[in-house]
Amino acid sequence: MATLFTGIKQLLTFAGDRAPRAGAAMRETGLVKNAAVLVEGGVIEAAGPRAAVARHKLAKKAKVVEAGGVCLPGFVDSHTHMVFAEPRLKDFSMRAAGASYQEIKAAGGGIVSSIGAVRKQPQKAMAAQLAARAARFLECGTTTAEVKSGYGLSLDSELKMLRAVRDAAKLTPLELLPTLLAAHSVPPEFNGDAQRYLDYVTAEILPKAAAEKLAVFADIFCEKGYFTPEQTAAYLKEASRLGLKPKVHSEQLSNYGGTRAGAAAGAVSADHADHVFAEDIAAMRDAGTIAALLPASNHYLGLSRFPPAREIIAAGVPVALATDFNPGTCPCWNMQFVLSAACTHCAMTPEEALCAATVNGAWALGIGDRCGAVMPGMQADLAFFEADDYRELCYYFGANQCLMTVKKGKIVHDKK
Ligand code: NIG
Ligand code: FE
């Protein structure tokens, strides 16, 4: 049976080309006032002015949901590390007392301090914990999230993380897209020998993850003390040969060359981009790489520097926004906070921020042809918010304004 979501004060459709949005197109929200969305079989049949949608032949017998508020495509969070066993509260206290990312790492904290508990955790418990976290994302209006491995850093534990993502996908309506991030940091047993560890990842982990189809993407942390641009380029080339789409953590803490290495390897997205220069931005534009900005992590780390969104948008590179939800640098799953941070600290307009969190997020995951916009034929992934004007989603912060979330046509969160 069809469902008619109606009484919507403002609907942002982001209707337009089935392509990532760049430049001025990022401000085209496809706003419809007094709107309705008609859904059947998990797919959008019609979306637009209430009266016009009501005339659709399927609308007559549809179940009617008086939704109200502001409706958007469900958020597509294109960068998360949502599988981890324990929060890193010691790192948090150190950081609150003034320690930097590098100082926390030197004191035994940071990424490798997450591996002990992850290696011990049974796959079943890991999947259950992930599904429970997924519910928090759904409550905030996120309908699709990418999920990275990268806290196991051994063959068994990295594959276990990815299998837990596969298992959790059966326990939650949140759509999960897995990424192999075995190249996240060098585990202690390799004594700081990044090349030897990367050779092991390339020979052992990458082919098994690819053969078992456990990951859609392969990612690597290109940064001083982690992996070099040369290693990044070679690793992503091999990942891509095995059918995994490249992504890269680049220019997060310094300008190091990861963005250019990723773009040269055909990365779908280059993520963080805090320290990009003009030549890095040009490389993304020329390669069709999306810049995924993660300003909630800058906020959490107490950094004064944020990604230069204005320069990136001016250069014609499509920008996506994501949470970077993880235990070390961003314990936040709420995309609404990311919208606020993007407008306040990256000078993005509310229209650009909302585009980046929906349609461009979907393209950063290569699924923009089926989600990220409210158009006939697209997956019926919707989020409804308690607001009269869509700008309120970027304006109020620290709260969850989401009233209802719909995934493939089904109500999966309802505040009422
Ligand atoms: O995106 N930069 C590398 N990875 C994460 C940090 C993960 C962690 O500290 O656990 C990030 O910020
Ligand atoms: Fe990250």
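The values are calculated or read from the model by the stated rules, or taken from the named source; none is laboratory data. Note that this is a predicted model, so its numbers are computed, not measured. Virtual Cβ from ideal backbone geometry, glycine too; neighbours counted across all protein chains shown. Keep in mind that these areas ignore ligands, DNA and RNA; they rest on the heavy atoms of the full protein, side chains included. Shrake-Rupley method; radii C 1.70, N 1.55, O 1.52, S 1.80 Å.
Ranked by the mean number of other Cβ atoms within 10 Å of their residues, highest first, the peptides 151-159, 34-42 come out as 151-159, 34-42. In this structure the chain gives 37 Å² per residue of accessible area when probed at 1.4 Å with all protein chains present. Sorting the segments 288-294, 352-358 by their mean number of nearby beta carbons within 10 angstrom, highest to lowest, gives 352-358, 288-294.
The length gained on full extension between residue 212 and residue 64, counted as 0.36 nm times the residue separation minus their Cα-Cα distance, comes to 49.0 nm. So, in Å, what gap is there between the alpha-carbon centers of segment 355-399 and segment 227-302? Result: 24 Å between the Cα centres. Distance between Cα centroids, segment 149-173 to segment 41-116: provide it in whole Å. So the separation of the two Cα centres works out to 18 Å.
Computing the accessible area with a 1.4 Å probe over protein heavy atoms, can you report the carbon and sulfur percentage for segment 76-363? It would help to have the intermediate numbers written out before the result.
Numbers: 5480 of 9560 Å².
Using a 1.4 Å probe with all protein chains present, segment 76-363 comes out at 57 percent carbon and sulfur.
Note on segment 227-333: Kirkwood radius taken over Cα pairs, Stokes-Einstein applied at 10 °C and 1.306 mPa s, translational D equal to 116 µm² s⁻¹.
Just flag the trypsin sites (Lys or Arg not before Pro) in segment 1-103 sitting in loop per DSSP whose Cβ has no more than 16 other Cβ atoms within 10 Å.
Passing both the DSSP loop test and the Cβ count: 18, 55, 57, 60, 61.
With both bridge residues required to lie in the chain, what share of the DSSP beta bridges run antiparallel, to the nearest 5%?
The answer is about 45 percent antiparallel.
The residue list 68, 81, 132 was ranked by how far each Cα lies along the charge dipole of segment 53-134 toward its positive end, using unit charges on Cβ atoms, and 68 comes out on top.
Build a GNM of the chain with springs between Cα atoms under 10 Å: which of 361, 141, 110 gets the top mean-square fluctuation? Ranking 361, 141, 110 by mean-square fluctuation puts 110 first.
Among the trypsin sites (Lys or Arg not before Pro) in segment 256-365, those placed in a DSSP loop whose Cβ has at most 14 other Cβ atoms within 10 Å are 305. Residue by residue, segment 406-413 carries 3J(HN,Hα) couplings of 10, 10, 6, x, 9, 6, 10, 8 Hz when phi is fed to the Karplus relation 6.51 cos²θ - 1.76 cosθ + 1.60 (θ = phi - 60°); x denotes Gly or Pro. Evaluating 6.51 cos²θ - 1.76 cosθ + 1.60 at θ = phi - 60° for every residue in segment 118-124, the Karplus couplings come out as 5, 5, 7, 5, x, 4, 5 Hz, glycine and proline recorded as x. Label-to-label distance for residue 57 and residue 199 is 6.6 nm, based on points extended 7 Å past Cα in the beta-carbon direction.
Pairwise alpha-carbon distances in segment 1-150 exceed 27 Å for 48% of all pairs.
Using the average count of surrounding beta-carbon atoms within 10 Å as a protection proxy, the listed peptides 202-214, 311-323 rank, highest first, as 311-323, 202-214. Each Lys and Arg Cβ is given +1 and each Asp and Glu Cβ -1; about its Cα centre, segment 76-363 then shows a dipole of about 680 debye.
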